[in-house]
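Participant: Quick one: the structure is below, questions incoming.
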Amino acid sequence: GLKKWVEVGNSGVFRPELLLPMGLPDNVTVIAWGLSLERPTMIKYGINNIRELVGHRVDLQMVYDSPMCRLDV
């Protein structure tokens with residue numbers, strides 16, 4: 001519908017300046033990946049701002065209850 005490429009299934013490495021305010025040590029590397037299903041959903045439903053799709057509705061308690069890694073090792 002857009003007649004252009006849309007990135008889906010993206011990944012990357014967090015930059016150190018994003019991790020330091022979270023209290024993570026300098027030597028910690030964090031990677032991120034995902035299907036990025038938000039983008040095709042936004043296109044399909046005509047949503048221009050991702051905050052209208054997720055934003056304040058995201059329950060961050062799940063992140064605290066189910067960490068993917070432990071920093072206290």
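Participant: Residues in segment 39-53 that are open to solvent by 100 Å² or more (accessible area, probe 1.4 Å) and either in a loop (DSSP other than H, G, I, E, B) or more than 23 Å from Tyr64 (Cβ to Cβ) (or both): how many?
Facilitator: Keep residues of segment 39-53 that are open to solvent by 100 Å² or more (accessible area, probe 1.4 Å), which gives 44-45, 48, 51-52.
With the extra rule that they be either in a loop (DSSP other than H, G, I, E, B) or more than 23 Å from Tyr64 (Cβ to Cβ) (or both), the set shrinks to 44-45, 48, 52.
Going through segment 39-53 one residue at a time, the tally reaches 4.
Participant: Taking the residues in segment 16-73 that are acidic (Asp, Glu) and at pLDDT 75 or above as candidates, determine which candidate is nearest to the chain's Cα centre (by Cα). First the steps, then the outcome.
Facilitator: Narrowing segment 16-73 to residues acidic (Asp, Glu): 17, 26, 38, 52, 59, 65, 72.
Remaining after also requiring at pLDDT 75 or above: 17, 26, 38, 52, 65.
On the way: Glu17: 16, Asp26: 21, Glu38: 10, Glu52: 15, Asp65: 17 Å.
Across segment 16-73, the extreme among qualifying residues is Glu38.
Participant: Shifting gears a bit: How many of the residues in segment 29-38 are open to solvent by 90 Å² or more (accessible area, probe 1.4 Å) and either in a loop (DSSP other than H, G, I, E, B) or among the charged types (D, E, K, R) (or both)? Spell out how you get there, then give the answer.
Facilitator: Step one: filter segment 29-38 for residues open to solvent by 90 Å² or more (accessible area, probe 1.4 Å), giving 29, 31, 33, 35, 37.
Restricting the remaining residues to those that are either in a loop (DSSP other than H, G, I, E, B) or among the charged types (D, E, K, R) (or both) gives 29, 35, 37.
So the answer is 3.
Participant: Right, another one. Answer yes or no: is there a residue in segment 5-28 that is open to solvent by less than 50 Å² (accessible area, probe 1.4 Å), under 19 Å from Tyr64 (Cα atoms) and touching a Gly at 6+ places or on another chain (Cβ under 9 Å).
Facilitator: no
The values are calculated or read from the model by the stated rules, or taken from the named source; none is laboratory data. In this text, all values refer to a predicted model and were calculated from it rather than measured experimentally. Every residue, glycine among them, receives a Cβ derived from its backbone with ideal geometry; neighbour counts consider all protein chains shown. Areas reflect the complete protein model, heavy atoms only, side chains present, ligands, DNA and RNA absent. Shrake-Rupley method; radii C 1.70, N 1.55, O 1.52, S 1.80 Å.
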